[in-house]
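Every number in this text was worked out from the coordinates using simple rules, so none of it is lab data. Quantities reported herein were computed from a predicted structural model and do not represent experimental measurements. Don't worry about glycine lacking a Cβ; one is built from the backbone with ideal geometry, like all the others, and counts go over all protein chains shown.
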Amino acid sequence: MTATGDLVAELEAQERDLVLPGFSNDDAWRLGSLLVELARERDAPVTIDIRRGSQQLFHYALEGTSPDNDAWLARKSRVAERYGASSYLVGARFRAKGTTFEESSRLDPDLYAAHGGAVPLRVAGVGIIGTVAVSGLPQAEDHALAVEALARMVRG
């Protein structure tokens with residue numbers, strides 16, 4: 001398996017484990033607050049967004065971010081919603097096929113970005129109900145931060 005193929009397999013396995021027992025507005029607050037806490041501990045200038053469907057449940061921009069981060073959040077979240085997979089995994093799948101998302105998806109790059117940072121919120125017995133997204137770091141780090149916080153929520 002190629003390095004890109006290894007990454008795809010790793011990300012797919014990761015997503016299978018990130019299933020929440022439920023997800024309320026209070027859970028969105030807890031997840032968002034945890035992300036803010038982790039970002040502050042790491043001096044990570046990120047913007048965080050949590051949505052259930054089209055409803056924004058949590059949004060916070062740490063110092064050092066800009067409106068560009070909001071645009072990235074929207075673009076990455078659209079990819080996660082459309083493909084039912086993290087924006088990082090979607091981009092890795094295209095690269096594993098020897099192409100890029102931008103070249104092959106036929107989607108407007110001003111509206112969609114398959115860069116790491118947006119992860120679907122999956123609820124057991126329900127499926128995908130929304131997204132958690134992080135923007136401000138290199139894509140692998142945006143993804144890792146979102147996954148770390150989500151994994152803590154899954155573990156309770």
Query - Cα-Cα separations in the chain greater than 28 Å, expressed as whole percent - result: 14 percent
Report summary line: One finds the C-alpha centres of segment 5-55 and segment 81-156 to be spaced, in Å, by 10 Å
Query - segment 56-122: GluC sites (Glu not before Pro) in DSSP coil with no more than 14 other Cβ atoms inside 10 Å - result: Glu63
Query raised in the report: In debye to the nearest 20, how big a dipole does the chain give about its Cα centre with +1 on each Lys and Arg Cβ and -1 on each Asp and Glu Cβ?
Result: 480 debye
**Report entry** Per-residue [θ]222 nm for the chain (sum of -39500 (n - 2.57) over DSSP H runs n ≥ 4, rounded to 500)
**Finding:** -16500 deg cm²/dmol
